[in-house]
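Worksheet: the structure to be examined is printed underneath.
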Amino acid sequence: MAKRNRPIGIFDSGIGGLTVVREIIKELPHEDIIYFGDTARLPYGNKSAQTIIKFSSENVRFLLKFSVKFIIVACNSSSSLALATLRRRFNVPILGVIAPAVKKAVQISPNGRIGIIGTRATVGSSCYQRQIKRIKSTAQSFVQACPLFVPLAEEGWTGNEVTLKVARRYLGPLIKKDIDTLILGCTHYPLLKKVIRKVMGKNIKFVDSARETACEARRILEKSQLKANQVKKAGECSFYVSDEPAVFKKVGRRFLGKRIKSVQKV
Ligand code: DGL
């Protein structure tokens with residue numbers, strides 16, 4: 001098979017990466033996708049760098065069995081802590097979700113006051129903050145870990161009073177910092193956009209790392225002539241998980257925005 005028609009490999013700690021898959025399907029509808037969700041070992045967001053690097057390397061090894069042409073780390077925690085190691089270890093182009101979001105945030109932020117919300121691992125890595133400074137030294141970044149957002153999104157509690165209270169508590173400090181732009185630096189947060197918007201107010205610009213990553217993936221594949229032929233039929237997605245395929249199928253539907261036909265446990 002021509003290299004350009006080989007699948008894209010995408011992995012995440014579990015279900016969240018489906019928000020990235022959803023955007024990839026919109027942006028690159030002809031690509032075949034192999035998705036791996038490490039549901040047996042999630043969440044990654046509360047784990048150490050060493051553990052996240054180990055799990056992420058195993059995930060890449062699994063995807064390489066499918067002769068993928070390109071890999072997307074559809075997890076902010078893993079992108080923050082493991083991407084550099086993965087790129088050194090494996091001979092395949094690998095894209096993470098941080099750089100595309102940073103690029104967009106710096107571009108659209110009117111006053112360079114950028115907020116970032118994510119898991120403890122992402123926030124603790126300082127990866128977003130470092131990359132923002134590298135692109136625009138005068139920009140200021142303010143971070144807030146929002147660990148409870150992950151189970152709330154998975155539970156489907158995307159707009160009730162409990163979630164609103166949690167959001168007020170987490171986001172209050174960022175409002176005080178007078179940020180003008182907010183990066184949704186976790187795969188689960190696009191599902192909570194409405195409630196986050198309600199708390200932050202309508203003037204704050206949002207950057208969704210899933211959306212920006214999909215746009216960046218398209219640019220890279222086009223530039224390196226690895227984009228699947230347009231004449232080909234719509235791409236196909238195959239889903240693999242390390243545990244609980246039935247839960248992945250049920251909960252994943254909300255993240256992907258459509259029904260997941262089949263999931264294989266590996
Ligand atoms: N996928 C993770 C992220 O984007 C969130 C879930 C987890 O902690 O594993 O950071």
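The values are calculated or read from the model by the stated rules, or taken from the named source; none is laboratory data. Bear in mind the structure is a predicted one, so any value in this text is a computation, not a measurement. A quick note on method: Cβ atoms are made from the backbone with ideal geometry, for glycine too, and the neighbour counts reach across all protein chains shown. In case anyone asks, the SASA skips ligands and DNA or RNA and just uses the protein heavy atoms, side chains included. Shrake-Rupley method; radii C 1.70, N 1.55, O 1.52, S 1.80 Å.
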- Query: Of these, D32, D12, which one is within 15 Å of the ligand (Cβ to nearest atom) and either within 20 Å of R253 (Cα to Cα) or modelled with pLDDT under 95 (or both)?
  - Reply: D12
- Message: Just the residues that are part of a helix (DSSP H, G or I) and over 17 Å from the mean Cα position of the chain (by Cα), please, taken from region 130-143.
- Response: R130, I132, K133, R134, I135
- Would region 208-217 turn up any residue that is of a type in the set (D, E, K, R), open to solvent by 30 Å² or more (accessible area, probe 1.4 Å) and touching a helix residue (DSSP H, G or I) at 6+ places or on another chain (Cβ under 7 Å)? yes
- Task: Working carefully through the options A105, A82, A101, A121, find the one that is of a type in the set (A, V, I, L, M), away from the ligand (no atom under 15 Å from the Cβ) and crowded, with 24+ Cβ neighbours inside 10 Å.
- Result: A105
- Message: Could you check region 171-180 and list, in sequence order, the residues that are open to solvent by 30 Å² or more (accessible area, probe 1.4 Å) and either within 16 Å of the ligand (Cβ to nearest atom) or not in a loop (DSSP other than H, G, I, E, B) (or both)?
- Response: P173, I175, K176
- May I ask you to say which residue of R61, R41, R22 is open to solvent by 10 Å² or more (accessible area, probe 1.4 Å) and more than 16 Å from the ligand (Cβ to nearest atom)? R61
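For every residue, the table says whether it meets (1) modelled with pLDDT of 95 or more; (2) not aromatic (F, W, Y).
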position: L192; (1), (2): yes, yes
position: K202; (1), (2): no, yes
position: I220; (1), (2): yes, yes
position: Q225; (1), (2): yes, yes
position: N229; (1), (2): no, yes
position: Y240; (1), (2): yes, no
position: E244; (1), (2): yes, yes
position: F248; (1), (2): yes, no
- Note on the structure: When I183 is run through (1) among the aliphatic types (A, V, I, L, M); (2) within 13 Å of the ligand (Cβ to nearest atom); (3) free of Cβ contacts under 8 Å to residues at least 40 places away in the same chain, the failure sits at (3)
- Query: Which one is most open to solvent (accessible area, probe 1.4 Å) among residues in region 186-205 that are within 16 Å of the ligand (Cβ to nearest atom), farther than 18 Å from I114 by Cα and not in a loop (DSSP other than H, G, I, E, B)?
  - Reply: L191
- Item | Count of residues meeting criterion [in contact (Cβ under 8 Å) with a residue 40 or more places away in the chain, assigned to a helix (DSSP H, G or I) and of a type in the set (A, V, I, L, M)] in region 44-79 | 5
- Task: Within region 134-143, track down each residue that is open to solvent by 40 Å² or more (accessible area, probe 1.4 Å) and closer than 18 Å to G172 by Cα.
- Result: Q140, V143
- Message: Out of A82, A101, I need the residue that is assigned to a helix (DSSP H, G or I), free of Cβ contacts under 8 Å to residues at least 60 places away in the same chain and under 23 Å from L226 (Cβ atoms). Which one?
- Response: A82
- Task: Please find, within region 152-170, the residue that is surrounded by the most Cβ atoms within 10 Å (Cβ to Cβ) out of those that are on the phi < 0 side of the Ramachandran plot and in a loop (DSSP other than H, G, I, E, B).
- Result: W157
- Looking only at residues in region 240-266 that are in contact with a Pro (Cβ under 8 Å, 6 or more places away or on another chain) and within 20 Å of I24 (Cβ to Cβ), which one is most open to solvent (accessible area, probe 1.4 Å)? Q264
